[in-house]
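Here's the structure, in structure tokens; my notes come after.
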Amino acid sequence: MSQSHTLLIGADDKPELLERLLRIVRHRGFRLTSLDMHHTDDCNVVEITLQVTSDRPIANLQSQLDKLWDVSHVRLLPQEQQ
């Protein structure tokens, strides 16, 4: 049974950022159901909210996204905040 998860990602605003994030989501076997992106007060930093579904453990995706050099943090939101 697929589970839904929401990840909050902080990253440097680079042209290739979204492409890399989406490639990792796809390669790890997750389906993207929602994406929201906005700039923070610092225009060079973006906050991205990804909502994904999969049978796979979310920790695998979270750790892979956290390894990207332009990502500053990846946080899994608790179910009640989703």
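The values are calculated or read from the model by the stated rules, or taken from the named source; none is laboratory data. Just so it is clear, the structure is predicted and the values come from calculations on it, not from any experiment. Virtual Cβ from ideal backbone geometry, glycine too; neighbours counted across all protein chains shown. Protein only, heavy atoms only, side chains kept; ligands, DNA and RNA dropped before computing areas. Shrake-Rupley method; radii C 1.70, N 1.55, O 1.52, S 1.80 Å.
Taking every residue in the range 46-63 that is over 14 Å from Arg75 (Cβ atoms) and pairing it with any residue that is assigned to a loop (DSSP other than H, G, I, E, B) and open to solvent by 50 Å² or more (accessible area, probe 1.4 Å), at least 6 positions away or on another chain, the pairs with Cβ-Cβ distances below 8 Å are Val46/Asp13; Thr53/Ser2; Ser54/Ser2; Ser54/Arg28; Asp55/Met1; Asp55/Ser2; Arg56/Arg28; Asn60/Arg28.
For the range 22-32, the condition of being surrounded by 11 or more Cβ atoms within 10 Å (Cβ to Cβ) and in contact with a Lys or Arg (Cβ under 6 Å, 6 or more places away or on another chain) holds for at least one residue.
Restricted to the range 1-21, and to residues there that are surrounded by 14 or more Cβ atoms within 10 Å (Cβ to Cβ) and among the hydroxyl-bearing types (Ser, Thr, Tyr), the residue that is farthest from Pro57 (Cα to Cα) is Thr6. Total residues in the range 20-53 satisfying the condition of being under 14 Å from Trp69 (Cα atoms), over 10 Å from the mean Cα position of the chain (by Cα) and not in a strand (DSSP E or B): the figure is 1. Reported count of residues in the range 50-65, each being more than 19 Å from Ser2 (Cα to Cα) and surrounded by 14 or more Cβ atoms within 10 Å (Cβ to Cβ), is 2.
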